[in-house]
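A short reminder: the numbers here are calculations on the coordinates, not readings from a lab. Please read these numbers as outputs of a predicted model, since none were measured by experiment. Glycine gets a Cβ as well: all are built from the backbone with ideal geometry, and neighbour counts include every protein chain shown.
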Amino acid sequence: MSEYTPTIGLEIHAELRTKTKMFCNSKNDTNETKPNTNICPICMGYPGTLPTINKEAVRHVLRLGVAVGGKIADYSEFDRKNYFYPDIPKGYQISQYKFPLVSGGSLAGVELTRVHLEEDTAKSSHEGNEDSLVDFNRAGVPLMELVTEPVIHDAETAGKFAREFKLILQYLGASEANMEKGEMRVEANISVGLDGKMGTKVEVKNLNSFRAMEKAIKYEVERHKGLLERGEKIIQETRGWDENKEETFSQRVKEDSHDYRYFPEPDLPKLFISEIPEFNIETLKVSLPELPNNKRLRYKKEFEIKDSDIEIYIQDLNKGAFFEAVIALLGDNKLANLASNYIITDLSNLVAKPENFAKLIKMIDGGELSSRGAKDTLKIMMEKDGDPKVIAEENNLIQSSDTGTLDELAKKIIAENPTAVEEFKKGKQASLQFLVGQGMKASKGSANPEMLKTSLLSALS
């Protein structure tokens, strides 16, 4: 019996973090709310204007290329992609076709085809059934496009790849990649064939979340299978995603590259990358930060903490930096798990300074604070910070290890709980834990539980 084989390739656009737009000096500001503010004759496509290449945008793409192990082009050029639409003021988009800046590479186990640079389009909005408005603030913003090889076969792998791509953009400082703001947009090319063969490709555009992308892929795979089982033809087309209905819908017949009539952009110079000193491969490599997967491997090797904790630190750069600062102050990687447990479970903000948090971990490790006392101390530290020892002493949270005090507490607990004492003497071990609990409650968590248990056993014998 024949088996269906889904094949998926992704195209991901990300707006780059630069001061100005791709080919002009207009401000690149995704937070601008007033329409048509950051515009000029160049990004509005006025006749007679000349574009100029944004060097920082090129650098962002080249650094990404080095990070993913891609081949950096020695020669590159920009092209005109011709099509008419209201959000393209010039009637064409400046993009790259035959000579992208980066070819090949891989990320999260997925092979890449290319990474190239282009300009973003304006933003259209539609009011009612009659009026459409265009905001040109986004027109001309530097836009990186990454294209994967068609080597993905399920929605989960696609989701993992897209999330990792967002992370690497953030680590490189190339883009915030905020999908809610449209700074990162995903398109999925999906086909379903028989026995490992490729089927007819359908593109689903403008997926605004990883969750939507995964759902759209799963929906399309099942739609294709249904059509094939009924003997119907799959049309090569572009489809959209309806979030409310959780289904795709047809938008237009898919264009081929020849439909855009690409030709080299005559108003921009050709790029010979090796002739630009700051784009030297070694210079670019040195400029890279520690990348997400390298950090995962280091955390696992050096700190031996849980994978789930590591992933939180990878995703939250501030929390990861806090964790590393604490471990450096502790000077002992053996305390990494203890520190991480409290950071992940109990630290809801980073008001507490790393040095004070490190002191807290040392107090816990040294037996000065019980688990309950540590949580109460940390709660106060998150409100106003401060020395944990001072806070614990002021709030009577220091764990008592004084034998005489604990012996007296044990006698008091035994006297107040005769039923539990009798049950323990008859062999019910759970009653001892009950007595320890009563002692911890009476001491407001300040008693050392193990020493209190010893005092109780001594008094009960």
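Non-local amide H neighbours of TYR262 (under 5 Å, H modeled in plane, Pro and chain starts lacking H): which ones?
Amide H to amide H, under 5 Å and 5 or more residues apart or across chains, TYR262 pairs with ASN82.
Residues in region 24-49, backbone N under 13 Å from the label point at GLU127 (7 Å along the Cα-to-beta-carbon vector): list them, ranges by number please.
35
State the Cα centre-to-centre distance between region 65-89 and region 390-422 in whole Å.
Cα centres, region 65-89 to region 390-422: 72 Å.
What ³J(HN,Hα) values, in whole Hz, does the Karplus curve 6.51 cos²θ - 1.76 cosθ + 1.60 give for region 373-384 when θ = phi - 60°, with x put for Gly and Pro?
My calculation for region 373-384 gives x, 5, 5, 5, 5, 5, 4, 5, 4, 6, 7, 9 Hz in order.
I need the phi-derived Karplus couplings for region 47-63: 6.51 cos²θ - 1.76 cosθ + 1.60, θ = phi - 60°, integer Hz, Gly and Pro marked x.
x, x, 8, 10, x, 9, 6, 7, 5, 5, 5, 4, 4, 4, 5, 5, 5
With just the Cα atoms of region 395-461, tell me how far they stretch along each of the three principal axes, in Å, largest first.
Taking max minus min along each principal axis of the Cα atoms, region 395-461 gives 38, 18, 18 Å.
Quick check: Cα centre of region 199-217 to Cα centre of region 102-149, how many Å?
Cα centres, region 199-217 to region 102-149: 15 Å.
Enumerate the calculated ³J(HN,Hα) couplings along region 168-184 in order (Karplus 6.51 cos²θ - 1.76 cosθ + 1.60, θ = phi - 60°), each rounded to whole Hz, writing x wherever the residue is Gly or Pro.
5, 5, 5, 4, 6, x, 7, 6, 6, 6, 6, 5, 5, 8, x, 6, 9
Which of MET440, MET44, MET22 has the fewest other C-beta atoms within 10 Å, and how do the rest follow up to the most?
Ranked by crowding around the Cβ, least crowded first: MET44, MET440, MET22.
Out of residues 5 or more away from GLU111 or on other chains, whose amide H comes under 5 Å of its own, with H placed 1.01 Å from N in the peptide plane?
GLU149
Would you calculate the volume per residue, in Å³, of the smallest convex hull containing every Cα atom of the chain?
So the per-residue hull volume is 238 Å³.
Helix 210-229 against the longest principal axis of the chain: what's the angle in degrees, Cα atoms only, rounded to the nearest 10?
60 degrees
Calculate the spin-label point distance for GLU302 paired with ARG372, positioning each point 7 Å from the Cα along the beta-carbon direction, and give it in nanometres.
Distance between the two pseudo-spin positions: 3.7 nm.
Alpha carbon centre of region 275-291 versus region 437-451: separation in Å?
If you average the Cα positions of each part, the centres end up 58 Å apart.
Show the residues, 5+ positions off or on another chain, whose built amide H is closer than 5 Å to the amide H of ARG239.
So ARG239 has HN proximity to GLU203, VAL204, LYS205, GLN251.
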